[in-house]
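Participant: Before I ask anything, let me first share the structure, which is written out below as C-alpha cells.
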Amino acid sequence: MYKSLLAGLLLGTCTTLLHAEETSRHTSTMWDYYHQRLLDNQEFVFDDRVQVNTPPFAEDARQVPLEIDARALPGTTRKIMLWAELNPIPQIMVVTPGEQLENLIAVRIRVEQATPIRAAFLQDDGLWHVGTGHIEAAGGGCTAPSVIRAEEGWEKHVGEIFGARHLRDNSSFLRMRISHPMDNGLSGGIPEYFVDHAQLRDESGRVLADFELFASVSENPTLTLALKGEQQARLWARDNNGNEFNARF
Amino acid sequence: MLRLVCGAILLGYCLMAQAAYDLQPKLVADNTWVLEGSTGNFSKENGGNIVNIAFIVTDTQVILIDSGPSFAYGRELAEAIRQITDKPVGTILLTHHHPDHMLGSQAFPHARVAALASTAQLMQEEGDAMAENMYRMVGDRMRGTEVVMPDSILEPGLLELDDYRLQLLQLHGHTNADLAIFDPQTGVLFAGDLVFYQRAVSTAHTPGIAVWLQDLDTLAALPWTVIVPGHGPVAGNDAPFQQMRDYLGWLDQLLTTAAARGDDMNRVMRSPVPERFAGISLAGYELIRTVSHLYPAYEQAYWQSLSE
Ligand SMILES: [Zn+2]
C-alpha cells in the first residue's frame, strides 16, 4: 500500500518534471477533487494522445459537441470516464469497452458555464490517461427549457432512434440520435427523466460496450461510436423510468 | 474649482460618448444615404456598429431603414440626419428583429415604427433576450437601450408614404421574417440581412439554405441599380448576389457531404474555408455557428430510422 502510493508520487513528480509545459493546460482548480471522487485517487498521467476536441466557443450551450479521440493510445482500455468539471451535473458517461470498441466517442452535452472537459482512459498499464479540453460558454445550457417538450405530441416519439453506419478507415462508425428530453431535474420543476444506460451488442446479443449515461448529455442524445472492422451492431438503451429502446445498424 | 474640473471631465466624457460611433452618411442615390458599419463582430470597441443603416429624404419626411444597435447609436444617427436635412424622421421600417437592426428606435420618439407582423412577433418573443445579449457583448454603449415595439404592421406590396412609393417584399431566408425594400424612384434595393457582402452570413435563425437561395432569386430579379446589403459594402453590380449564392451553395454542399460521410460536428466545424472566400470577414467563426445550428437537420435528412 505504502509502496504503491510512493510509486504514484514519484511517477507524478516525474511526469510534472518532464512535461511541465504540456501539463499546464491540464491544470484546474477542480482536478484534485475529481481525481479523488471519480478516479478514486488512482495513478494517472495527463496524456495528449487523449484528444478532447471542442469548438472554441459554445454557440448553443444546450448542444455542445465533444469529440474524444484516443485511438493513438497503446494497449487495451478497461474504462472510460467523461466529465465537465464546472457543470451542475459533471459526469457525462462511464464506458466499459469491449475489445471491439474504438477509442473514439462523440457526444453533445449541456454546459452551464465555461468549463474544462476531461476524458480519462484506464489502460492495461494500470494508469488513467487523462485528456483535457475547454469549453467557452455564456452558459445556461443546463437550466434552459426543453426544446422538444415544446413540440406537439413529443411523447409519441420518445425512444425513436435515427442514425447510420459508415464504413471508413477499417472501422464501423455508428452515428445515432435517440429522441428523448433528457430532463435533468434543473429546469421548470420537471423531474429527472433521461436515458441512463445503453449497450452496443452484436447480432447474437453479446455486449460489445456498456455505457452509463448522465443527464448532462443533451436532449435527443446524439452519439458517434466506432467498432473495429466491418461490424453489424445493435443498440439497446433504457431510461430511468424503465423504458427500453432498441435499434439495429 | 474641484467642481469645475469634474464638470470638465464629465463634459469631455459626454462629448467622447456622443462621438463614439463616428457616423458618416454616404450618398448612394438621389436622396438616399447609407451609414456603413464594420464587417466585424459585436465588440466593446465598435459598440455593435457592424450593420448598415439607410435613410431616404422625401419631400415630407425622412424614412429610416433599420435604426441601429443601441439608443446611443440612434441619438448619433438622429444628429447625423439633422446635418443633412431638417425634415423629421417620420417612419422607421425594420427589416427584421435582430438587435443590431432595431435597437436604435428609442432616439426617434415621434416616428412610426413599422415591421412585418412576423417580425413584431419575434421581437415580442426574443427582443429582450437579444438586447440582453448585446449588453453582454457590447457593454457600456448599450446603456439605456430598450426594445421599442412596432406600432404599425407592414403588408407586402406597395407602401405609399405621402407621395413616396416603396415596394415591400416579405421573405424568409435569414430569420423567416425578413423585409426587403425596393425603391422604384431610385432603383435602390435595401436587402436587409438577406444579403451579406464580404462578411460571412449569420445563419442562426434561417429556416434553411434552400429558402434563402430562393429569396436571392426573387431579389436579383428586381430592376435594382444599387444594392444595400445588411452587412458589408454597398454595390452597384451583382457581386453581392454572386458571392451569396456561391457561399450558401458551399455551406449546403459541405453539410450534405459531411452528413453522408458520417462526420460529427467538431470535424465539420474544423473544415477549411475555400480560398475564394478569403475576402469574406469572419467566415471561420460563422462556420462554427452555422454547423451548430444547421447540421442536425442535415444529419436527420441523411439518417434512417433504426428503431426495431
Ligand atoms: Zn440579421
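The values are calculated or read from the model by the stated rules, or taken from the named source; none is laboratory data. Predicted model, so just to flag it, every value in this text is computed and none were measured. A quick note on method: Cβ atoms are made from the backbone with ideal geometry, for glycine too, and the neighbour counts reach across all protein chains shown. Surface areas here come from the heavy atoms of the whole protein model, side chains and all, with no ligands, DNA or RNA. Shrake-Rupley method; radii C 1.70, N 1.55, O 1.52, S 1.80 Å.
Participant: Can you pull out the trypsin sites (Lys or Arg not before Pro) in the range A:180-249 that DSSP calls coil and that have at most 12 other Cβ atoms within 10 Å? Please list the in-between numbers first.
Facilitator: Details: sites: A:R201, A:R206, A:K228, A:R234, A:R238, A:R248; in loops: A:R206.
Filter output for the range A:180-249: A:R206.
Participant: Counting Lys and Arg as +1 and Asp and Glu as -1, what is the net charge of the other residues whose Cβ lies under 13 Å from the Cβ of B:D264?
Facilitator: Neighbourhood net charge equals +3.
Participant: Also: Could you check the simple spin-label distance between B:Y135 and B:A278, using points 7 Å along Cα→Cβ, in nm with one decimal?
Facilitator: 4.3 nm
Participant: Using 0.36 nm per residue of separation minus the Cα-Cα distance, give me the extension gain between A:V207 and A:S28 in nm, one decimal.
Facilitator: Fully extending the segment from A:V207 to A:S28 adds 60.9 nm.
Participant: Compare A:A144, A:A119, A:A58 in a GNM of chain A, Cα atoms joined below 10 Å, and give the one with the largest fluctuation.
Facilitator: Of A:A144, A:A119, A:A58, the most mobile in the Gaussian network model is A:A144.
Participant: When the solvent-accessible surface of protein heavy atoms is calculated with a 1.4 angstrom probe, in what order do A:H180, A:H197, A:H157 fall, highest first?
Facilitator: The residues order as A:H157, A:H197, A:H180, largest area first.
Participant: Could you work out the mean count of beta carbons from other protein chains within 10 Å of each residue's beta carbon in A:171-184?
Facilitator: On the way: counts 0, 1, 4, 2, 8, 3, 5, 2, 1, 0, 0, 0, 0, 0.
Across the residues of A:171-184, the mean count of other-chain Cβ atoms within 10 Å is 2.
Participant: Considering only DSSP beta bridges with both partners in chain B, what is the antiparallel share in %, to the nearest 5?
Facilitator: 60 percent
Participant: Next up: How much space per residue, in cubic angstrom, does the convex hull of the C-alpha atoms of the range B:180-260 take up?
Facilitator: That works out to 83 Å³ per residue.
Participant: By how many degrees, between 0 and 90 and to the nearest 10, does the Cα long axis of helix B:2-18 differ from the longest principal axis of chain B?
Facilitator: It works out to around 50 degrees.
Participant: Sticking with this structure for a sec: With the other protein chains left in place, how much accessible area per residue, in square angstrom, belongs to the range B:88-221 at a 1.4 angstrom probe?
Facilitator: It amounts to 38 Å² per residue over the range B:88-221.
Participant: To continue, here is another question. Shielding by partners for A:156-166, please: the mean number of other protein chain Cβ atoms within 10 Å of each residue's Cβ.
Facilitator: Values: counts 0, 0, 0, 1, 3, 5, 8, 9, 8, 2, 4.
Whole-number average of other-chain Cβ neighbours for A:156-166 is 4.
Participant: So if a site counts as exposed when it's one of the GluC sites (Glu not before Pro), its DSSP state isn't H, G, I, E or B, and it has at most 15 other Cβ atoms within 10 Å, what's the longest stretch of chain A without one?
Facilitator: The reported range is A:1-98.
Participant: Okay, next question. What's the magnitude of the charge dipole for the protein assembly as shown around its Cα centre, counting Lys and Arg as +1 and Asp and Glu as -1 at the beta-carbon? Answer in Debye, nearest 20.
Facilitator: Result for the protein assembly as shown is approximately 920 debye, rounded to the nearest 20.
Participant: Once you keep just the Cα pairs under 8 angstrom separated by 6 or more residues, what percentage relative contact order results for chain A?
Facilitator: Numbers: 591 pairs, mean separation 46.9, N = 249.
This gives 19 percent for chain A.
Participant: Same structure, new question: Going 7 Å from the Cα of B:D217 toward and past its Cβ, which residues in the range B:171-206 have a backbone nitrogen under 17 Å from where you end up?
Facilitator: Only B:171-174 fall inside the zone, counting backbone N under 17 Å.
Participant: How long are the semi-axes of the ellipsoid equivalent to the range B:82-203, from square roots of 5 times the Cα gyration tensor eigenvalues, in whole Å, largest first?
Facilitator: Three semi-axes, in Å: 23, 19, 15.
Participant: Follow-up question, since we're still on this one. Please compute the per residue accessible area over chain A with all protein chains in place, 1.4 Å probe, rounded to a whole number of Å². Before the final figure, lay out the partial values.
Facilitator: On the way: 10980 Å² over 249 residues.
Counting only protein heavy atoms, the per-residue value for chain A is 44 Å².
Participant: What's the FRET efficiency of A:E151 with B:I84 using the Cβ-Cβ distance as r and R₀ = 60 Å, to the nearest 0.05?
Facilitator: That gives a FRET efficiency of 0.75.
Participant: Leaving out ligands, DNA and RNA, calculate the buried accessible area for the pair B and A with a 1.4 Å probe, summed over both sides, in Å² to the nearest 100.
Facilitator: The contact between A and B buries close to 2600 Å².
Participant: Let me ask another. For A:F245, what accessible surface area do you get with a 1.4 Å probe? Give it in Å², rounded to 10.
Facilitator: Spelled out: A:F245, probe radius 1.4 Å, area about 20 Å².
Participant: What's the longest uninterrupted piece of chain B once you rule out the trypsin sites (Lys or Arg not before Pro) that are loop residues per DSSP with at most 12 other Cβ within 10 Å?
Facilitator: In short, B:144-308.
Participant: What's the local net charge at A:E67, with K and R +1, D and E -1, over the other residues with C-beta under 9 Å away? Don't skip to the end; give the middle numbers.
Facilitator: On the way: positive: B:R267; negative: A:D69, B:D264.
Around A:E67, the charge tally is -1.
Participant: Whole-Å semi-axes of chain A's equivalent ellipsoid, largest first, each the root of 5 times a Cα gyration tensor eigenvalue?
Facilitator: Semi-axes, largest first: 31, 23, 16 Å.
Participant: Name the residue farthest towards the positive end of the dipole of the range B:21-307 from the options B:W250, B:M149, B:T225, assuming +1 on Cβ of Lys and Arg, -1 on Cβ of Asp and Glu, about the Cα centre.
Facilitator: Result: B:W250, furthest along the dipole toward the positive end.
Participant: What dipole magnitude, in Debye to the nearest 20, does the range B:21-307 give about its Cα centre under +1 on Lys/Arg Cβ and -1 on Asp/Glu Cβ? Working shown, then result.
Facilitator: Values: 17 positive and 34 negative charges, 131 e Å.
Dipole size: approximately 620 debye.
Participant: Can you give the FRET efficiency for B:A297 and A:Q36, using 1/(1 + (r/R0)^6), R0 = 51 Å, r = Cβ-Cβ distance, to the nearest 0.05?
Facilitator: 0.75
Participant: Now a separate question. Given a cut-off of 40 Å, what percent of all Cα-Cα pairs of the protein assembly as shown lie beyond it? Each step should come with its number before you reach the end.
Facilitator: On the way: 57051 of 154846 pairs.
Value for the protein assembly as shown (Cα pairs over 40 Å): 37 percent.
Participant: Which one of A:P97, A:P74, A:P65 has the biggest mean-square fluctuation once chain A is modelled by GNM with Cα springs under 10 Å?
Facilitator: Highest fluctuation among the options: A:P74.
Participant: Could you compute the FRET efficiency for B:Q304 and A:R71, with r as their C-beta to C-beta distance and R0 at 45 Å, rounded to 0.05?
Facilitator: It comes out at approximately 0.95.
Participant: Sorted by mean Cβ packing within 10 Å, highest first, what order do the peptides B:212-222, B:154-164, B:226-236 take? Walk me through the intermediate numbers first.
Facilitator: Values: B:212-222: 16.3, B:154-164: 13.0, B:226-236: 22.4.
Ranking the peptides B:212-222, B:154-164, B:226-236 by packing returns B:226-236, B:212-222, B:154-164.
Participant: Would you look at the GNM of chain B, springs on alpha carbons closer than 10 Å, and say which of B:M269, B:M102, B:M123 moves the most?
Facilitator: B:M269
Participant: While we're on this one: Ignore the peptide's own chain and count Cβ atoms of other chains within 10 Å of each Cβ in B:257-265; give me the average, rounded.
Facilitator: Mean number of neighbouring Cβ atoms from other chains: 6.
Participant: Within 15 Å, Cβ to Cβ, of A:L186, how many net charges do the neighbouring residues add up to if Lys/Arg are +1 and Asp/Glu are -1? Let's see the in-between values first.
Facilitator: On the way: positive: A:R62, A:R110, A:R149; negative: A:E112, A:D183, A:E192, A:E219.
Overall, the nearby charge balance is -1.
Participant: Set Lys and Arg Cβ to +1 and Asp and Glu Cβ to -1, take the dipole of the range A:144-249 about its Cα centre, and tell me which of A:L167, A:S218, A:I148 lies farthest positive.
Facilitator: Positive-end residue among those listed: A:L167.
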